Amino acid sequence: MSNLTHQNYKSAARAIAGLMLLQMGLGILLNFYFLKPVLQYDNSLSPESLNFILGVAMLSALLVSSINLAFGLLLPRSDIQAHFKTFVFLVVFAAVGIAMCAYEYAQLSEYVSFLSFTNGSESYFDILRKNLSTARNEAHFLSIFVSSCSLVFFYLLLIRASRLPRWLSYFAMTASLLQLVAVGHTFFQASIPNILQLPLAITQLAVPLFLLFSGFQRSDEADIQTMRI
C-alpha cells in the first residue's frame, strides 16, 4: 500500500471514528435531554417551546440517522468494490433508516401538535394522547431496528475486508445482532432487555477509539493475520 493510499485510509478511519462518537453523543442528548420534556410532558411548556424542541430534536435525529449512510460511503473504495453486495445492503438499510426516522418525527410532530392544542388539560383526551404517544414509540423502535440492520452490514463488510482486528470486528457484529434482538422485543409489546444493549454501547466506544489511534488495518497486515488463523 502506498503512503498516499495509507494516509487516505487513515483519514477515512478517523472520519468514521469521529462520526461514531458524534452519533453516540447526539443520541444520548436526544433521548435523555431534547425529547424528555416532550415525552414526559407536564404542562409546563408553551406551544412555542414544544415546537422549538421538536425542531431541534428532528434535525439532530436526522443527522444521527444519516451517519450510518456516511459510514458506508467513507469505507475504502477497494473494499466497496470487492464486497459490493454487502455495501449495497448497508446503503439500502441506512437509507430506509433515514426514511423511518423522518416517519417517526412525523408521528412525534402530530403528538406535539396535539399537546399544543389541548395543553394537556382535557382529561377526556388522555386516550388519544396515549395512542399518539404509542404510535410515535412504535415508529421510533422500527427506525432503530432498521438502522441497526445497516450497522450489521457495516461490520460484516469490515469483517470481510479485514479492516479491524478479528476479535473487535466479531464483537461489534455480535453487539449489533444483540441490539436487533433487544429492539425486537418491542414488536411483541415487551420491554427492552437493557443487558442486550450493553455490548453495543461498548462497541460504540471501542471501535472509534481503535480507528482513531490505529486506523484501518493495512491489507498486508490483514493477510498476515488471516494466514496465522
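Quick notes on this one:
- Sole residue being assigned to a helix (DSSP H, G or I), surrounded by 13 or more Cβ atoms within 10 Å (Cβ to Cβ), on the phi < 0 side of the Ramachandran plot and modelled with pLDDT under 90, chosen from Ala201, Ala222, Ala172: Ala222
- One residue from Ser44, Ser11 being at pLDDT 85 or above and among the hydroxyl-bearing types (Ser, Thr, Tyr): Ser11
Residue by residue, here is whether (1) of a type in the set (Asp, Glu); (2) farther than 18 Å from Ile144 by Cβ; (3) modelled with pLDDT under 80 holds:
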| site | (1), (2), (3) |
| --- | --- |
| His6 | no, yes, yes |
| Leu21 | no, yes, no |
| Met24 | no, no, no |
| Gln40 | no, yes, yes |
| Leu50 | no, yes, no |
| Ser66 | no, no, no |
| Leu75 | no, yes, no |
| Ile80 | no, yes, no |
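The values are calculated or read from the model by the stated rules, or taken from the named source; none is laboratory data. Computed from a predicted structure; not experimentally measured. Virtual Cβ from ideal backbone geometry, glycine too; neighbours counted across all protein chains shown.
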